[in-house]
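Okay, so here's the structure we're looking at.
The values are calculated or read from the model by the stated rules, or taken from the named source; none is laboratory data. Just so we're clear, the structure is a prediction, and the values are computed from it rather than from any experiment. Every residue, glycine as well, gets a Cβ built from its backbone with ideal geometry; the counts of neighbours run over all protein chains shown.
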Amino acid sequence: MRTFVYVDGFNLYYRALKGTHHKWLDLLKLSEAVLPSSAVVERINYYTARVSGKRDPDMPRRQQFYFGAHLVRDAFLGAFEQAAIITNDSDLAEPVRIVVKEVGLPVILLTPENRPVGSLARLVSDVRHIKPSLSRCQFPDPVGSTKGPIAKPSDW
């Protein structure tokens, strides 16, 4: 199935990556490791709050808005056959409900927490846990690029 993955980067970092050595995460490898074998990941959409020196309490809300708006837009456009969301944020329940109930497309929750939030778990077609797969879904170190190798930061 044509699958788009939507990543709540803020939630992923604070619920699964902060304080670990798993930040060199290959999101495609992770998605393919935890999704059903029938899933063909065609796109990964990553949403996060900008890191800056200025305090901006609305930044996480804007990130959630873009995540939800793009999920719903892509569903209505028929861009995917199923969506997978990496989050555990109950604020995203309404966009997920629209995709599942009004558009009729399945959504798989890839949760960074041991216990998925109920408002999301009740809506989705499947719940999968990502933490057990984090260590085996890292980029190689270094990663090759057209400009030369990129090394994993030592504190990652």
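Structure notes:
- Qualifying residue in the range 108-121 (condition: of a type in the set (Asp, Glu) and closer than 15 Å to TYR6 by Cβ): no
- Some residue of the range 132-150 being basic (Lys, Arg), under 17 Å from LEU71 (Cα atoms) and over 16 Å from the mean Cα position of the chain (by Cα): no
- Matching entry among LEU120, LEU71 (being in contact with a Leu (Cβ under 9 Å, 6 or more places away or on another chain), closer than 15 Å to ARG15 by Cβ and touching a residue at least 12 places away in the same chain (Cβ under 8 Å)): LEU120
Table: residues versus (1) of a type outside the set (Ser, Thr, Tyr); (2) without any contact (Cβ under 8 Å) to a residue 24 or more places away in the chain; (3) more than 19 Å from LEU28 (Cα to Cα).
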| site | (1), (2), (3) |
| --- | --- |
| PHE76 | yes, no, yes |
| THR87 | no, no, no |
| SER90 | no, no, yes |
| GLU94 | yes, no, yes |
| VAL107 | yes, no, no |
| ASP126 | yes, no, no |
| SER135 | no, no, no |
| ILE150 | yes, yes, no |
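- Counting only strands (runs of 3 or more DSSP E) wholly contained in the range 58-146, the ones carrying 3 or more residues that are surrounded by fewer than 21 Cβ atoms within 10 Å (Cβ to Cβ) and touching a strand residue (DSSP E or B) at 6+ places or on another chain (Cβ under 6 Å) occupy 126-129.
- Number of the exception - ILE44 against (1) at pLDDT 95 or above; (2) assigned to a helix (DSSP H, G or I): (2)
- Whether a residue is surrounded by fewer than 16 Cβ atoms within 10 Å (Cβ to Cβ) and at pLDDT 95 or above was assessed, and LYS54 does not pass this test.
- In the range 1-20, the qualifying residues are those that are without any contact (Cβ under 8 Å) to a residue 24 or more places away in the chain and outside any helix (DSSP H, G or I), and the one that is farthest from GLU113 (Cα to Cα) is GLY19.
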